[in-house]
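K.L.:
Could you have a look at this structure, given as structure tokens, before my questions?
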Amino acid sequence: MALRKVAAMVEPREFCYPSNVLTLFRLLLVAPTLYFLARPERRRAALLCFGAGMLTDAIDGPIARARGEVSRLGKLIDPIADKLLLNGTAIILSRTRGFPWWITGLLLFRDLGILAAAAVLLRRRSHLTTAESAGKLTTALLTAAALLYIADGPRSGKPVLYLALLPFTLSFFQYGRRFLTVMRAGPEG
């Protein structure tokens, strides 16, 4: 039922918007990025794939806004692509490069909560949300930390990772507050 609701909300032309093509490309980069990350001898390929994927995240939103093509498809697939790439990378880096497991656990907990809340909002309110400012800063800092962990390990990555915990914590509360606000609002008209 939820997939039918999503399909009814998305216009087929949205798949051709340059911003959404970039997001779909990021989704396609998840598997090769994780494959290369799991192989220490392929660290450069992992760095390239992860960097390219997260670059698409940095530019897809501005492109969509500049072209007047902010779409429901983009609002749906962008956070999924981000979370798959960042969380998958965190898991592999925890296994192979000393990325702290407790931070990976917090990241998974927060992001699964965000996705679950988004599913509830979509089902009950037909409402799609966008990232909060602290969420965007968290993504930027986690991206920098992951790139440093891939390239050099904890020595370079850990300081940036710990810095990312500040907006990460704030984003957890921002997303929670937004969820409660939307759920308390009356039905959409």
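The values are calculated or read from the model by the stated rules, or taken from the named source; none is laboratory data. Just so you know, these numbers come straight off a predicted model, no measurement behind them. Note that each Cβ is placed from the backbone with ideal geometry, even for glycine, and that neighbours are counted across all protein chains shown.
K.L.:
Of all residues in region 1-40, count the ones that are in a helix (DSSP H, G or I) and at pLDDT 95 or above.
P.N.:
Result for region 1-40: 20.
K.L.:
While we're on this one: Quick one: which of Gly74, Gly113 is surrounded by fewer than 17 Cβ atoms within 10 Å (Cβ to Cβ), touching a residue at least 60 places away in the same chain (Cβ under 8 Å) and either within 12 Å of the chain's Cα centre (by Cα) or assigned to a helix (DSSP H, G or I) (or both)?
P.N.:
It is Gly113.
Residues checked against (1) among the aromatic types (Phe, Trp, Tyr); (2) touching a Gly at 6+ places or on another chain (Cβ under 7 Å):
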| position | (1), (2) |
| --- | --- |
| Thr143 | no, no |
| Leu148 | no, yes |
| Asp152 | no, no |
| Leu161 | no, no |
| Phe168 | yes, no |
| Ser171 | no, yes |
| Arg177 | no, no |
| Arg184 | no, no |
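K.L.:
Here's something else I'd like to know. Residue check, Ile92 against (1) under 25 Å from Val160 (Cβ atoms); (2) surrounded by fewer than 19 Cβ atoms within 10 Å (Cβ to Cβ); (3) not small (Gly, Ala, Ser), all met but one. Which one?
P.N.:
Against the list (1) under 25 Å from Val160 (Cβ atoms); (2) surrounded by fewer than 19 Cβ atoms within 10 Å (Cβ to Cβ); (3) not small (Gly, Ala, Ser), Ile92 comes up short only on (2).
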